[in-house]
């Protein structure tokens, strides 16, 4: 009986030993497929963006100016409201639509009748002068409101005219015989109906003819 129990127990232990066999802890278990090592893995490369370069302004001379070129300074501007000097005379803006020589005396506009106003500009050093007249009359217009240049002619101070030319969009420009060594010329500025006209009459030395032309051409 004891022998049978020992035999049966040994068989049980053999079977139990086959079921309970455990591989050692330090033994690597393989699955049949090789595991790639870290040496065989291709790392992903990290590419950093290039640092932008900000161009700096050139400090050297410009293509049109060399480093040895002298500095060019602007000329001093003329006084405000004045025209370039000619013949020693500089023109300044007047309040009545025309320029006159700097330093001359301008009288205020004064009424001489119900429709006429006058002003004068005189040279303290000579007999040269400029006469200005405003006539707010409708007498220079025909019934159709077209300007009658014959009526305009009657407003010119000269008894005799040497030239009389109509300037488009302005009015007649004229010259008269010399008066006391002065050249006499002027211009009539026609205004829309029924405002009448304005007249600028110059008596200047012949040497100042360029100044007179500048004054008349700028009359407005």
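What to note about this one:
- Any hit, segment 78-91, residues being touching a strand residue (DSSP E or B) at 6+ places or on another chain (Cβ under 6 Å), within 21 Å of residue 175 (Cβ to Cβ) and either surrounded by fewer than 17 Cβ atoms within 10 Å (Cβ to Cβ) or modelled with pLDDT of 95 or more (or both): yes
- In segment 99-122, the residues that are at positive phi and touching a residue at least 40 places away in the same chain (Cβ under 8 Å) never reach a residue that is part of a strand (DSSP E or B) and loosely packed, with under 13 Cβ neighbours inside 10 Å with C-beta atoms less than 6 angstrom apart, at least six apart or across chains.
- Residues of segment 126-177 that are free of Cβ contacts under 8 Å to residues at least 12 places away in the same chain, surrounded by 11 or more Cβ atoms within 10 Å (Cβ to Cβ) and in a strand (DSSP E or B): 164 alone.
- Filter result (under 30 Å from residue 144 (Cβ atoms), free of Cβ contacts under 8 Å to residues at least 40 places away in the same chain and exposed (fewer than 14 other Cβ atoms within 10 Å of the Cβ)) within segment 178-216: 192
The values are calculated or read from the model by the stated rules, or taken from the named source; none is laboratory data. These numbers come from a predicted model, not from an experiment. FYI the Cβ positions are ideal-geometry reconstructions off the backbone, even for glycines, and counts take in every protein chain you see.
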